Amino acid sequence: MRRSEDGVSWEEASARFQMTLPSCPVREFHFDVQPRLTERLAFAFVAPKSGVDDCLRKYGADPANPNLRWPIDEFGPPFDLAEMRQFGWTYEPKAKAGLYTHLETPYHATFEAFVKAGAEETVYVHSLTSGFPDPSR
C-alpha cells in the first residue's frame with residue numbers, strides 16, 4: 001500500500017477525491033495529500049499513451065486537444081516552481097506536452113494534468129478543488 005508523507009494511503013486519497021490511476025500498468029507513481037485529505041492532492045506517474053488517453057477521457061478531457069500545448073515561448077512550467085520542486089516534477093522547455101485544465105471527477109473535484117508526450121507519457125496531476133461526496137450515494 002502506497003502512502004503519502006503524512007501517512008495517508010493512496011486508497012484513502014483516491015476515494016476522497018474520486019480520482020484513480022489508469023487501468024494500465026504505471027510506474028514511478030508517487031503522490032502527496034496536503035493537508036490531510038482536505039483540499040490538495042498531487043500525483044505523478046509514467047504510463048503508456050493509450051492508458052493515459054483513457055484516463056483523460058474518463059475525467060472529461062480530449063487527449064487530442066489539450067487546453068494548452070508546450071513548448072510555449074512566453075510561458076515557463078505549467079505549475080508553481082515551489083510545487084514542482086516539492087513533488088520532484090521536472091520541466092523541459094523543449095519537450096512536447098499538453099496541459100489539461102478541466103478534469104472533473106464524479107464528486108466534482110477538479111484537476112489539472114500536465115502530460116509529457118511520448119509512447120510512454122509522464123503525467124503530473126494536481127487538484128484545484130476537492131469536490132464533495134454525493135449524499136444520495
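The values are calculated or read from the model by the stated rules, or taken from the named source; none is laboratory data. Nothing here was measured: the structure is a model prediction, and the numbers come from that model. We place every Cβ from the backbone using ideal geometry, glycine too, and count neighbours over all the protein chains shown. To get the accessible areas, we keep the full protein, side chains included, count just its heavy atoms, and leave off ligands, DNA and RNA. Shrake-Rupley method; radii C 1.70, N 1.55, O 1.52, S 1.80 Å.
Dipole of the chain, Cα-centred, from +1 at each Lys and Arg C-beta and -1 at each Asp and Glu C-beta, to the nearest 20 debye?
Approximately 240 debye in magnitude.
Connecting C-alpha atoms closer than 10 Å in a GNM of the chain, tell me which of Leu56, Leu21, Leu41 has the biggest fluctuation.
Of Leu56, Leu21, Leu41, the most mobile in the Gaussian network model is Leu21.
Determine the order of Asp32, Asp80 by accessible area, beginning with the largest, at a probe radius of 1.4 Å. Walk me through the numbers on the way to the answer.
Working: Asp32 10, Asp80 95 Å².
Sorted descending by solvent-accessible area, the residues read Asp80, Asp32.
Just Thr122, Thr105, Thr90 to compare: in a GNM of the chain, with alpha carbon springs under 10 Å, which one fluctuates most?
Looking only at Thr122, Thr105, Thr90, the biggest GNM fluctuation is shown by Thr90.
What accessible area per residue, rounded to a whole number of Å², is obtained for the chain using a probe radius of 1.4 Å?
Solvent-accessible surface per residue comes out at 54 Å².
To check my understanding: the extent here is largest minus smallest coordinate of the Cα atoms along each principal axis. What are those three numbers for segment 11-69, in Å, largest first?
So the extents along the principal axes, rounded to whole Å, are 34, 25, 19.
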